[in-house]
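Please read the structure below before turning to the comments.
The values are calculated or read from the model by the stated rules, or taken from the named source; none is laboratory data. All of these numbers come straight from a predicted model, not from anything done at the bench. With ideal geometry, Cβ positions are generated from the backbone for all residues, glycine too; neighbour counts draw on all protein chains shown.
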Amino acid sequence: MIWQQLQSLAGSYPLALRGLGMTVVLSLISLVLGTLLGFGLGILRTGGNRLVGSLIGAWVDLIRGTPFLVQIFLIFFILPELGIELDAFTAGIIALTNLAACFICEIVAAGIRSVPTGQVEAALASGLSRWQRMRQVVLPQAMRIVLPPLVGQYVLLIKDSSVVSAIGLTDLTRVGWLVVQRVPNGLLVFFLVGVGYFIVCYPLIMLARRLERRMGAAHGEVQL
Amino acid sequence: MTKTGMIDFRGVNKWFGELNVLKDITLSVEPREVVVVCGPSGSGKSTLIRCVNGLEAIKDGDLVVDGQRLGNPATNMTQLRTEIGFVFQSFNLYPHKTALENVTLAPIHVRKIPRTEAEKAGRELLAKVGLADKVNAYPAQLSGGQQQRVAIARCLGMRPKIMLFDEPTSALDPEMISEVLDVMVAVAEEGMTMMVVTHEMGFARKVAQRVVFMDAGAIVESGTPDEFFSHPKTDRSRAFLSKILRH
């Protein structure tokens, strides 16, 4: 019987690849967009304008304080009621990007706050503009604090992407649900689904660990 | 308007909350003049020079630097700061940049000097402060005295009109103090307008035209180094001098 199931599983190979591909593409797009947006929000959050800072803070708290599944449902089912039609893929990208941006915003803001004020004063005293201070002096030093948790956050977000299967996107998790209907061995099927996620995440886990070790010792420019 | 100096305090006041940290300061520093500011800790001397480049804002009174009034919306502070070098007690070198990059950062990005030219000038400045062999060293690889000399070269790279020094040797081991003071003397002798917060009397006697003594936020006494160190006029300055001279 197990032999039959394995044969049947092998037949699902193309479907599994498609699911893995969807998970990777969805995560990659959301992480790139979320990183850009998260850095922007983190810089604005610490930028000195109190109103902007607290608006961003409130949004980040709201997103961090609600389940991701609920956020996806809100975007996918409520926005069309307001006349904004979204396909599942776009809705998934928006929800994941927003989630990534909020977590990354907090990581970046913490990194920026960790740079000693003397550094900003030195940059101010040399006549560097606001953007030059950020780009040349603050961000390079903040990156030492930011990089390890940032990569760790990527791992969490890739795993969170499994929630998009709830709105019908055929990602790795949904492929598991589809296959298990034909191959009634949940343990085996979802074990393989887990292996799929692990293959994607493990290199990042290794990278985060490496970065953490490097940041402790190194001086000079941060190099990946 | 009366004759204005390079730095002009007129009736300047500043509070930190309830604390009146600068009390009715009136002080004029002429071009090419070197003024040493001393006084017990908490007397407001660091705050005084931090006001000159706008690291601290003044509450009332007038502060005119290089002909521009601070706090005036028309004054471009970023522009004015390019004319004022500031040397910090804790050096504040950029730890992620080499000595040369520390020196060339502002000339390249603020003065828009081409990189090759800025690097040539930067190497010359580092040679001038005795660090020709440390061009590619990171701050963490340098001693305190070497770091402070890089910090001075970093200011000089902007060709400022004014240089401010906030206790530049207080964080240094004794054997490194003179190498930094020697560089400061050389800068002073080239005719730089300088305000220096320090207790280094040797430096004051050598290059300062004036010593200003502050206590509890006010200027208590001011005179030539000789007058001040040999014949202090007030009880407070005598008490202060007896403390720093005892060691």
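Structural remarks
- For region B:138-162, a tally of residues being within 10 Å of another protein chain (Cβ to nearest Cβ) and in contact with a Leu (Cβ under 8 Å, 6 or more places away or on another chain) returns 4.
- Qualifying position, being more than 12 Å from the chain's Cα centre (by Cα) and crowded, with 16+ Cβ neighbours inside 10 Å, among B:166, B:215, B:235: B:215
- Inside region A:163-178, residues that are on the phi < 0 side of the Ramachandran plot and surrounded by fewer than 20 Cβ atoms within 10 Å (Cβ to Cβ) make up a count of 4.
So that you can scan it fast, the table gives a plain yes or no per residue for (1) farther than 24 Å from residue A:207 by Cβ; (2) of a type in the set (A, V, I, L, M):
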position	(1), (2)
A:96	no, yes
A:118	yes, no
A:158	no, yes
A:162	no, no
A:167	yes, yes
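- Close contacts from region A:203-224, counting a first residue that is within 14 Å of chain B (Cβ to nearest Cβ) and within 23 Å of residue B:137 (Cβ to Cβ) and a second that is loosely packed, with under 14 Cβ neighbours inside 10 Å and at pLDDT 50 or above, with Cβ to Cβ under 8 Å and a gap of 6+ residues or different chains, come to A:219/B:140.
Residues checked against (1) among the polar types (S, T, N, Q); (2) within 14 Å of another protein chain (Cβ to nearest Cβ); (3) in contact with a Gly (Cβ under 9 Å, 6 or more places away or on another chain):
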| residue | (1), (2), (3) |
| --- | --- |
| B:34 | no, no, no |
| B:38 | no, no, no |
| B:44 | no, no, yes |
| B:62 | no, no, yes |
| B:74 | no, no, no |
| B:83 | no, yes, yes |
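- Hits in region B:198-212 - residues which are crowded, with 22+ Cβ neighbours inside 10 Å, among the aliphatic types (A, V, I, L, M) and part of a helix (DSSP H, G or I): B:204
- Qualifying residue in region B:88-96 (condition: within 8 Å of chain A (Cβ to nearest Cβ), touching a residue at least 12 places away in the same chain (Cβ under 8 Å) and closer than 18 Å to residue B:5 by Cα): no
- Selection within region A:1-52 - in contact (Cβ under 8 Å) with a residue 40 or more places away in the chain, within 28 Å of residue A:146 (Cα to Cα) and of a type in the set (D, E, K, R): A:45
- Of all residues in region B:90-115 being more than 22 Å from residue A:143 (Cβ to Cβ) and among the hydrophobic types (A, V, I, L, M, F, W, C), the one that is farthest from the chain's Cα centre (by Cα): B:113
- Here residue A:159 passes the criteria (1) out of contact with any Phe, Trp or Tyr (no Cβ under 7 Å at 6 or more places or on another chain); (2) in a helix (DSSP H, G or I); (3) under 18 Å from residue A:17 (Cα atoms) except the one numbered (1).
Residue-by-condition table, conditions (1) within 14 Å of chain B (Cβ to nearest Cβ); (2) surrounded by fewer than 15 Cβ atoms within 10 Å (Cβ to Cβ); (3) farther than 25 Å from residue A:158 by Cα:
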position	(1), (2), (3)
A:82	no, yes, yes
A:85	no, yes, yes
A:88	no, no, no
A:100	no, no, no
A:114	yes, yes, yes
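- Tally, over region B:213-247, of residues that are in a helix (DSSP H, G or I) and touching an Asp or Glu at 6+ places or on another chain (Cβ under 6 Å): 2
- Region A:182-216, subset surrounded by 15 or more Cβ atoms within 10 Å (Cβ to Cβ), over 22 Å from the mean Cα position of the chain (by Cα) and part of a helix (DSSP H, G or I), residue modelled with the lowest pLDDT: A:214
- Note on region A:122-134: residues that are of a type in the set (Lys, Arg) and more than 9 Å from every other protein chain (Cβ to nearest Cβ) total 1.
- Residues that are in contact with a Leu (Cβ under 9 Å, 6 or more places away or on another chain) and either over 19 Å from residue B:145 (Cβ atoms) or within 8 Å of chain A (Cβ to nearest Cβ) (or both), drawn from region B:98-112: B:105, B:106, B:109, B:110
- Test result for residue A:37, surrounded by 12 or more Cβ atoms within 10 Å (Cβ to Cβ), under 26 Å from residue A:112 (Cβ atoms) and at pLDDT 90 or above: yes
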